[in-house]
1. Give the residues of the stretch 290-308 that are free of Cβ contacts under 8 Å to residues at least 40 places away in the same chain and part of a helix (DSSP H, G or I), sorted by residue number.
2. Any idea which residue in the stretch 272-288 is nearest to the chain's Cα centre (by Cα), counting only those that are under 20 Å from residue 325 (Cα atoms) and open to solvent by 30 Å² or more (accessible area, probe 1.4 Å)?
3. Given 250, 265, 254, which one is farther than 28 Å from residue 135 by Cβ and at pLDDT 90 or above?
4. Give 294, 302 a once-over and let me know the one that is assigned by the TED database to the domain that holds residue 228 and within 25 Å of residue 213 (Cα to Cα).
5. What's the number of the only condition in (1) touching a helix residue (DSSP H, G or I) at 6+ places or on another chain (Cβ under 6 Å); (2) open to solvent by 50 Å² or more (accessible area, probe 1.4 Å); (3) of a type outside the set (Ser, Thr, Tyr) that residue 245 fails to meet?
6. Could you check, for the stretch 303-310, whether at least one of its residues is buried (at least 19 other Cβ atoms within 10 Å of the Cβ) and among the aliphatic types (A, V, I, L, M)?
7. Picking from 207, 232, 211, which residue would you name as being part of a loop (DSSP other than H, G, I, E, B), open to solvent by less than 20 Å² (accessible area, probe 1.4 Å) and either touching a strand residue (DSSP E or B) at 6+ places or on another chain (Cβ under 9 Å) or at pLDDT 95 or above (or both)?
8. Could you count how many residues in the stretch 168-215 are in contact (Cβ under 8 Å) with a residue 12 or more places away in the chain and within 17 Å of the chain's Cα centre (by Cα)?
Amino acid sequence: MKTKKPTFQQANNEKRFTERAVGEKKYEKSAPKRPHFDNNSNKRSTSKPPFSKHTQNLAPQTSLINTTMEKPSGTGQVQVVVKRSTLAAKTEKKTGPLSPRAPEKIKKNRAEEMKVYGENACLALFAQRPESIVRVWTTVEMAHKVGDLFSYLASNKKVYHVVDHNELALVSGTEHHGGICMLVKKRRPFTLNGYLYIPRKENCVLVLDGVRNSHNVGGIIRTCAFYGVSAVVIDDVELLHSAMAMRVAEGGMEYIHPLEIDQTESALAKLRQAGYQIVHLSQNKQAKNVDKLVLNDKVAFVLSETSTETLVDKHDEVVNLSLANPLKHGLNVSVATGVLLAKWAMK
């Protein structure tokens, strides 16, 4: 016996609404045309999405894909079975490729930026060129000592972080960070030709030949700043951009002008032509004692971790710092720098 469908009685001029019975096709909506419909019947697919309430608690389904690959030797084929999760394949997050300019930008930033750590080195940099600071990390203890630095960073919308000792060690790459680390823009070096273009009546420069140890470089720069020597000739300016060298220099790196050259021989020739007296160090007992050395108004001291006798010209001075030295080796190059610059300061 058929049951009568319930109806809603309304006014005579209004439409009559009949409750839709489940399963009656005449009340089904027509399927819109979308790409995932069956091409043959143009009807909505009855398969449920992988994350519907019916399947979200089920384990991912796996499928085995058989394929063959040629052996490297070309003697035959090898059957390969690949286990693949169909659910993971459907839900895999897709991300677009990086911008073609992104690697170039990262490479450029790495070439133009460097990290500086150590309290004296960072505070000297802040005093001399604060505009070069990109980002700062400090410990809580150091944050209380650098209020002026934080005020500058906040007013200029630069990023700073207050972190613990261990995180700062990871950022700086060393345990000897002194409670502060900065990411800064590198200074652009001068050229020796441009430096010599400005006439000077009295001047002292250092020529570093083959000095590669960061501690030695930092010690030399610190000594130069102490005695007021502002020019260092070097064939690899990146040595002056070493974070370790800057820490050892204790802020002295901000008070010297790095003069970039290609070869030490050509640099010495230019200095001789500009009227500089060239002074080399030697362990030879026949060399002139440093006490008998008379310095001119313009001097260039050549310093190296090895011997510089191959660079000596007949007009150059070769001196020995101590005739009583019983050791097979001389002083450390940074210590020898202090002896020579003390001689220059007392001229």
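The values are calculated or read from the model by the stated rules, or taken from the named source; none is laboratory data. Everything numeric in this text was worked out from a predicted model, so none of it was measured. Quick reminder, even Gly has a Cβ in these numbers, built from the backbone with ideal geometry, and neighbours come from all protein chains shown. These area figures cover heavy atoms from the full protein model, side chains too; ligands, DNA and RNA do not enter into them. Shrake-Rupley method; radii C 1.70, N 1.55, O 1.52, S 1.80 Å.
1. Taking the stretch 290-308 first, the residues free of Cβ contacts under 8 Å to residues at least 40 places away in the same chain are 291-292, 294, 296, 307.
291, 292, listed by residue number.
2. Across the stretch 272-288, the extreme among qualifying residues is 281.
3. Numbers: 250 fails: farther than 28 Å from residue 135 by Cβ; 254 fails: farther than 28 Å from residue 135 by Cβ.
Exactly one residue qualifies, and that residue is 265.
4. Unique residue meeting the criteria: 302.
5. Failing condition for residue 245: (2).
6. First, pick out the residues of the stretch 303-310 that are buried (at least 19 other Cβ atoms within 10 Å of the Cβ): 303, 308.
After this cut, where a residue has to be among the aliphatic types (A, V, I, L, M) as well, the list is 303.
There is at least one residue in the stretch 303-310 that is buried (at least 19 other Cβ atoms within 10 Å of the Cβ) and among the aliphatic types (A, V, I, L, M).
7. Values: 207 fails: part of a loop (DSSP other than H, G, I, E, B); 232 fails: part of a loop (DSSP other than H, G, I, E, B).
Unique residue meeting the criteria: 211.
8. Just the residues of the stretch 168-215 that are in contact (Cβ under 8 Å) with a residue 12 or more places away in the chain, to begin with: 168, 171-174, 176-187, 189-193, 195-196, 200-215.
Still in the list and also within 17 Å of the chain's Cα centre (by Cα): 168, 171-174, 177, 180-187.
Final tally of qualifying residues: 14.
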